[in-house]
Amino acid sequence: MNVLSLLGRNLRHGPYTEPFPFGPAPTAERFRGRVVFDATTCEGCKICERVCPAGAIKFSKTKDGLAFALWHNSCVFCGNCEFHCPTGSVHQTTDWHLAHAQARKYALVELGLLPNQICSACGATALATAPSLRGVTPPLSPEETVTLKSMCPKCRAKFLKARRAKP
């Protein structure tokens, strides 16, 4: 094919490249991009921290509760955190716009906090985590879920044991 016919074909069909960064670019359906954290559904089990091969996820105790930090600069986007999270609190989006200037390298962090709360049953201080609902039958009603969320782990266990004992 000579150069003029190739040029003519390219002018008729248009460019084969994506318009990024000047327009939207398609993303594959199962693309693993930026990781987001939802503290309202987190159980505080820290499985995501243990399975992260890059060590990008860190939990730390603070006076306000349990702090979550995920460094996107360290993340290898393997998906282990999302796969092993029992509640789906950690999940990956299709957002791949992570290019940044060197001066912004400390801004690429996903932060979250599981705050401390006072247990509604015993008055102890505990993390305001989502209750672990694995193996709970029959499923909890929305009112029971709210009640469990306001309790410490020991009181949650007592509540669920008493609930199972009911005929």
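When residue 9 is tested against (1) within 18 Å of the chain's Cα centre (by Cα); (2) free of Cβ contacts under 8 Å to residues at least 24 places away in the same chain, exactly one condition is not met: (1). For residue 132, the conditions (1) over 30 Å from residue 23 (Cα atoms); (2) assigned by TED's automatic domain parsing to the domain that holds residue 72; (3) of a type in the set (Ser, Thr, Tyr) are fulfilled apart from (2). Restricting 110, 144 to those that are of a type in the set (D, E, K, R) and under 13 Å from the mean Cα position of the chain (by Cα) reduces the list to 110.
Have a look at 150, 132 and point out the one that is surrounded by 10 or more Cβ atoms within 10 Å (Cβ to Cβ) and closer than 19 Å to residue 85 by Cβ. Full working, then the answer.
Working: 150 fails: closer than 19 Å to residue 85 by Cβ.
Every option except 132 fails the conditions.
Go through the residues of the stretch 16-27 one by one and say whether even a single one is over 30 Å from residue 131 (Cα atoms), touching a helix residue (DSSP H, G or I) at 6+ places or on another chain (Cβ under 9 Å), of a type in the set (Ser, Thr, Tyr) and free of Cβ contacts under 8 Å to residues at least 60 places away in the same chain. Looking through the stretch 16-27, at least one residue is over 30 Å from residue 131 (Cα atoms), touching a helix residue (DSSP H, G or I) at 6+ places or on another chain (Cβ under 9 Å), of a type in the set (Ser, Thr, Tyr) and free of Cβ contacts under 8 Å to residues at least 60 places away in the same chain. The residue list 78, 48 contains one member that is buried (at least 17 other Cβ atoms within 10 Å of the Cβ) and assigned by TED's automatic domain parsing to the domain that holds residue 111, which is 48. Whether any residue in the stretch 18-30 is surrounded by 12 or more Cβ atoms within 10 Å (Cβ to Cβ) and under 16 Å from residue 96 (Cβ atoms) is what I want to check. Scanning the stretch 18-30, I find at least one residue that is surrounded by 12 or more Cβ atoms within 10 Å (Cβ to Cβ) and under 16 Å from residue 96 (Cβ atoms), so the answer is yes. Quick check on residue 83: is it among the aromatic types (Phe, Trp, Tyr), within 18 Å of residue 39 (Cβ to Cβ) and touching a helix residue (DSSP H, G or I) at 6+ places or on another chain (Cβ under 9 Å)? So residue 83 fails the test.
The values are calculated or read from the model by the stated rules, or taken from the named source; none is laboratory data. Remember, it's a predicted structure, so these values are computed and weren't measured experimentally. Glycine also receives a Cβ, built like all others from the backbone with ideal geometry; neighbour counts cover every protein chain displayed.
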